[in-house]
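Okay, so here's the structure we're looking at.
The values are calculated or read from the model by the stated rules, or taken from the named source; none is laboratory data. Here the structure is a predicted model, which is why all the values come from computation and not from measurement. Positions of Cβ are backbone-derived with ideal geometry, glycine not excepted, and every protein chain shown enters the neighbour counts. Remember, those area values only see protein heavy atoms, side chains included, never the ligands or the DNA or RNA. Shrake-Rupley method; radii C 1.70, N 1.55, O 1.52, S 1.80 Å.
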Amino acid sequence: MSEEFTKISLEEFVNEKTELIDERWQFQPATLTPTQWTPLTLQGLPRGVLIKIATYLNVIDRACLAFTCRHTHQALGRALRLNPGHERYMFLRRLERDGIWPSEILCETCSKFHLPRRDKTWNKYEGPRRCIRYGNGRALEYLESPFLPRQVHFDIVAAITRSYRFDSGLYDISSLFSTDKYIAGRANITSNVSARHYKGSIVLKTELVLSAGKEAFASENVEKLQSMLQKSTKLQNVCQHVKWAEVLPFIFLPQLPTVQKSGHSCLGKHSSQKCKISGQDLHTCLWTHSQKCWSRCDAYSRLGSDLQRLWSCNMCSTDYKISLSRKQGKSSETNSLVFTSWKNLSRCTSVYNEDWAAHMNSGLSAHQKRGTDLYDVARSFENPAKGLFDFEYYPSV
Ligand SMILES: [Zn+2]
Ligand SMILES: [Zn+2]
Ligand SMILES: [Zn+2]
Ligand SMILES: [Zn+2]
Ligand SMILES: [Zn+2]
C-alpha cells in the first residue's frame, strides 16, 4: 500500500490561500479601528471561497478540510461522502496520524477506528467485526500467529505503538511481557518475554532457558527437553522459517555426524577434514563440562565459535542466538542453555506491513523479505546506541 501523501499539509495549503486573500484585503484595515477588525480565519471565509479552495484539492484533502470544523463542514459536507473502500481508508489514515481517538486503533479490514482486543478472544462487540467474524475472518491470519507469544497480537501491538507515538499513556508495553515455565520431570524450560520501543516499532525479545537437571540424568533429560520443544510451535520455532533444534543439531542429537560449516573450525591442530570432534563430544561438552574445560577439551573452542554467533533470518525480522551458561566449578547439575530471539514487530499501522506480516503464519507472498538490516533487530534491543556490529548480549541466567 502506498504511503505517499502530498507533502504539503492541509494547514499549510489553507494558510497559503488565506494569506493571498489577506494581501488583497490589506488596503482596507487602515480605516478600521482594532475592535472592528476581526482577523481573517477559516471561519471568516465565505462559503463560495471555501468551495473554490476545496475544488483545487484532491478528494482526501477536501474531506480533511470539510472535517476541520463546523463551519467548513457546513460548506463542504459533501466532500466527506467518500468511496467506502480505499478513499475512506486513506482519509482515516490522516486522522490516525493526527492522533484522533487515542484509545482506538484504525483497523484496515473494518475500515474504521475501534478499540483493540485485549487478548485473542472476542466479546459480543468484537465478534461481529469484519476483522474477526466470530473467528472466521480472513484477516485473522494477519492478526495473530502461532509463532508469537499468546499475548502478542496485532490489535495490542498497534495500540501500544500508537499510545507511544501520541504519548497518551493508555496502553503500556509491559502488557507484552510474560514468564512461563514448562516442566517434565527434572527437565524444565523457562520462557521470558520482554519488549521495548525502537524508532516507533516494537522489538520483542524471548529467552528460553533450558535446564536438564542433574548431570547423571543428562541424556534422559535432554531428550525430555527436546520433546517439550516439539510439542509447542512457540517453543520449537525461532520463527516460522527456523527451528531451534536445527540451528546446532548436536544439542539434541549427538549421534549425527558434525558438519563443518564454512567459517567454523575447531581451532585444533589439523585440517578441518581431519577433525576428530564428534557430535557426541560437542554434546557432552555443551551440557556437562564446566568453565574450566577449555584447558583439556577439544570441543570447547569449536563450541565457542558456534556460541559467539548471532544468527539472522533473512525472511522475517528475527535475529537469534544460542548461549551457554556453564557451571562454575564442581556441580552435579548440567549447564543451562539459553535460546534468545529478537523480533521487530513493526509499528503495526497496517496488518500488511512487511515486518509484521512476515511473522504471520500465512506470510505475505513468495517475494517476502525482511524490512530491517540483518543482525540489526538484536542490536536495537540490546545496544540501540551502538553501531550495527557492536553487539553485546549476556543472557539473564
Ligand atoms: Zn471554521
Ligand atoms: Zn477491525
Ligand atoms: Zn577439529
Ligand atoms: Zn568441554
Ligand atoms: Zn524467519
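Is it fair to say residue 316 is out of contact with any helix residue (DSSP H, G or I) (no Cβ under 7 Å at 6 or more places or on another chain), part of a loop (DSSP other than H, G, I, E, B) and in contact (Cβ under 8 Å) with a residue 12 or more places away in the chain? Before the answer, list the steps.
Numbers: out of contact with any helix residue (DSSP H, G or I) (no Cβ under 7 Å at 6 or more places or on another chain): yes; part of a loop (DSSP other than H, G, I, E, B): yes; in contact (Cβ under 8 Å) with a residue 12 or more places away in the chain: yes.
So residue 316 passes the test.
Of the residues 120, 52, which is open to solvent by 50 Å² or more (accessible area, probe 1.4 Å) and in a helix (DSSP H, G or I)? Steps first, please.
Values: 120 fails: in a helix (DSSP H, G or I).
Of 120, 52, the one residue that is open to solvent by 50 Å² or more (accessible area, probe 1.4 Å) and in a helix (DSSP H, G or I) is 52.
Could you please find all residues in the stretch 134-173 being more than 11 Å from residue 120 (Cα to Cα), assigned to a helix (DSSP H, G or I) and not polar (S, T, N, Q)?
Passing the criteria: 134, 141, 142, 157, 158, 159, 160, 162, 164, 165, 173.
Take the residues in the stretch 55-69 that are under 14 Å from residue 95 (Cα atoms), open to solvent by 60 Å² or more (accessible area, probe 1.4 Å) and not charged (D, E, K, R), then tell me which one is nearest to ligand 2 (Cβ to nearest atom).
Once the filter is applied, the top-ranked residue is 67.
Within the set of pairs 6+ apart or on separate chains, which have a first residue in the stretch 126-141 that is within 20 Å of residue 358 (Cβ to Cβ), a second that is within 16 Å of ligand 5 (Cβ to nearest atom) and open to solvent by 20 Å² or more (accessible area, probe 1.4 Å), and C-beta atoms under 7 Å apart?
Matching pairs, first to second residue: 141/361; 141/362.
With respect to residue 99, is the statement that it is free of Cβ contacts under 8 Å to residues at least 12 places away in the same chain and open to solvent by less than 50 Å² (accessible area, probe 1.4 Å) true?
Numbers: free of Cβ contacts under 8 Å to residues at least 12 places away in the same chain: no; open to solvent by less than 50 Å² (accessible area, probe 1.4 Å): yes.
Judged against the criteria, residue 99 is not a match.
Residues that are away from ligand 3 (no atom under 16 Å from the Cβ), over 27 Å from residue 117 (Cβ atoms) and part of a helix (DSSP H, G or I): does the stretch 79-102 have at least one? Steps first, please.
Of the stretch 79-102, the ones away from ligand 3 (no atom under 16 Å from the Cβ) are 79-102.
Narrowing the set further to residues that are over 27 Å from residue 117 (Cβ atoms) leaves 79-81, 83.
If we keep only those that are part of a helix (DSSP H, G or I) as well, we get 79-80.
Yes - at least one qualifying residue is present in the stretch 79-102.
Matching residues to (1) among the acidic types (Asp, Glu); (2) free of Cβ contacts under 8 Å to residues at least 24 places away in the same chain; (3) open to solvent by 40 Å² or more (accessible area, probe 1.4 Å):
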| site | (1), (2), (3) |
| --- | --- |
| 72 | no, no, no |
| 76 | no, no, no |
| 80 | no, yes, yes |
| 89 | no, yes, no |
| 106 | no, no, no |
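Is it true that some residue in the stretch 36-43 is at pLDDT 50 or above, within 39 Å of the chain's Cα centre (by Cα) and hydrophobic (A, V, I, L, M, F, W, C)? Quick ask: steps written out before the conclusion?
Step one: filter the stretch 36-43 for residues at pLDDT 50 or above, giving 36-43.
Now narrow it down to the ones that are within 39 Å of the chain's Cα centre (by Cα): none.
The answer is no, given that none of the residues of the stretch 36-43 is at pLDDT 50 or above, within 39 Å of the chain's Cα centre (by Cα) and hydrophobic (A, V, I, L, M, F, W, C).
Matching residues to (1) within 30 Å of residue 173 (Cβ to Cβ); (2) buried (at least 23 other Cβ atoms within 10 Å of the Cβ):
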| residue | (1), (2) |
| --- | --- |
| 286 | no, yes |
| 289 | no, no |
| 312 | yes, no |
| 338 | yes, no |
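Does residue 132 satisfy the criteria of being surrounded by 16 or more Cβ atoms within 10 Å (Cβ to Cβ), within 20 Å of the chain's Cα centre (by Cα) and more than 16 Å from ligand 1 (Cβ to nearest atom)? Lay out the reasoning, then the answer.
Details: surrounded by 16 or more Cβ atoms within 10 Å (Cβ to Cβ): yes; within 20 Å of the chain's Cα centre (by Cα): no; more than 16 Å from ligand 1 (Cβ to nearest atom): yes.
For residue 132, the condition - surrounded by 16 or more Cβ atoms within 10 Å (Cβ to Cβ), within 20 Å of the chain's Cα centre (by Cα) and more than 16 Å from ligand 1 (Cβ to nearest atom) - is not met.
Answer yes if at least one residue in the stretch 346-354 is among the β-branched types (Val, Ile, Thr), touching a Phe, Trp or Tyr at 6+ places or on another chain (Cβ under 8 Å) and either more than 30 Å from residue 142 (Cβ to Cβ) or modelled with pLDDT under 90 (or both), and no otherwise.
So the first thing to find is which residues in the stretch 346-354 are among the β-branched types (Val, Ile, Thr), and the list is 349, 351.
Checking the rest, the ones that are also touching a Phe, Trp or Tyr at 6+ places or on another chain (Cβ under 8 Å) come to 351.
Subsequent filtering for residues that are either more than 30 Å from residue 142 (Cβ to Cβ) or modelled with pLDDT under 90 (or both) retains 351.
Within the stretch 346-354, one or more residues are among the β-branched types (Val, Ile, Thr), touching a Phe, Trp or Tyr at 6+ places or on another chain (Cβ under 8 Å) and either more than 30 Å from residue 142 (Cβ to Cβ) or modelled with pLDDT under 90 (or both).
Which condition from (1) within 16 Å of ligand 3 (Cβ to nearest atom); (2) closer than 28 Å to residue 370 by Cβ; (3) at pLDDT 90 or above; (4) of a type outside the set (D, E, K, R) is the one that residue 282 breaks?
If we test residue 282 against (1) within 16 Å of ligand 3 (Cβ to nearest atom); (2) closer than 28 Å to residue 370 by Cβ; (3) at pLDDT 90 or above; (4) of a type outside the set (D, E, K, R), just (2) comes out false.
Check whether at least one residue in the stretch 242-254 is part of a strand (DSSP E or B) and either over 37 Å from the mean Cα position of the chain (by Cα) or modelled with pLDDT of 90 or more (or both), and report yes or no. Walk me through it before giving the result.
Here is the first cut: in the stretch 242-254, the residues part of a strand (DSSP E or B) are 242-243.
This time we only want the ones that are either over 37 Å from the mean Cα position of the chain (by Cα) or modelled with pLDDT of 90 or more (or both), so: 242-243.
Yes.
Considering (1) within 23 Å of the chain's Cα centre (by Cα); (2) assigned to a helix (DSSP H, G or I); (3) of a type in the set (Asp, Glu), say which one residue 61 fails and leave the rest.
(1)
With the requirement that a residue be of a type in the set (Ser, Thr, Tyr), outside any helix (DSSP H, G or I) and open to solvent by 60 Å² or more (accessible area, probe 1.4 Å), what does the stretch 180-239 give you? It would help to see each step written out before you state the result.
Start the filter on the stretch 180-239 by keeping residues that are of a type in the set (Ser, Thr, Tyr), which leaves 182, 190-191, 194, 198, 201, 206, 211, 219, 227, 232-233.
Pick out the ones that are also outside any helix (DSSP H, G or I) and you get 182, 190-191, 194, 198, 201, 206, 211, 232.
182, the sole residue that qualifies.
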